[in-house]
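Please treat every number below as a calculation from the coordinates, not as lab data. Quantities reported herein were computed from a predicted structural model and do not represent experimental measurements. We place every Cβ from the backbone using ideal geometry, glycine too, and count neighbours over all the protein chains shown.
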Amino acid sequence: MKTTIRIACLGILTAATLPNASAQARARLWRDHGNRGLNGERGAMREEALLDKKDTHGPLGVWEKDRRPADLERYHAATYDRIRALLASGALAEAQGTVFKKRHEEITAELIARRAEGLTDTTRSEVRGELDKLNDEINAIIKTADQGDLRTPILNAKQHGIEEKIEFGERSGRLSKSEASSLRRKLGRVQDLEQRLKDGNLTTRERERLHEEANEVIVDLHRELMNK
């Protein structure tokens, strides 16, 4: 799916229009909104319904070379969209997605450096080769993807949305380094809990707990952003 996981879906709305509201009132608003729209039970049910589908990989499954965009810039952007879409569908596990996103960041840095020097046919070919390697590795993973009950696609989407919002907040100056670090530690605790729970049989109630813990991080994130 070309499903771009928009941060807006995490609930950035009413509090931004309440400049006179106290920090406590705004925090309650975020918490209430999260409980209504992103509650753990709903997240768990949606997740299990998605895992019940026969085709969890969708149109962005195995991506052979003859289907990849000829334009380098479009190929570069589409590769990132693909990683996010596969995470959201559950075809990639969280740890795999993190590795692939890091690789894409490295390729992005290389592309920016090459562009500053002036892209030639040779350098375009080299960058494209790195993107091909990354997509080939993704293909190898999803061909043998786990179809079991331990995948958490909706939670993955939520976690990556939080990560990107923290990064944006830090880059824009709306979050200090200490605030961003604190939020990342809280998210890290959710991810640690996820791995511990996956060591056994992941039950519906445990899925609900994971979503509830992630929602608490969302509440804290929004509170920090709205306090600026």
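Within the stretch 175-190, which residues are within 26 Å of Ala91 (Cβ to Cβ) and either outside any helix (DSSP H, G or I) or in contact with a helix residue (DSSP H, G or I) (Cβ under 7 Å, 6 or more places away or on another chain) (or both)? Scanning the stretch 175-190 gives Arg184, Leu187, Val190. Scanning the stretch 100-118 for residues that are closer than 11 Å to Leu72 by Cα and out of contact with any helix residue (DSSP H, G or I) (no Cβ under 8 Å at 6 or more places or on another chain) returns no hits. Looking only at the stretch 192-218, residues that are surrounded by fewer than 21 Cβ atoms within 10 Å (Cβ to Cβ) and either within 17 Å of Gly161 (Cβ to Cβ) or acidic (Asp, Glu) (or both) come to 7 in all. If you go through the stretch 120-138 and keep only what is more than 20 Å from Lys65 (Cα to Cα) and in contact (Cβ under 8 Å) with a residue 12 or more places away in the chain, you end up with nothing.
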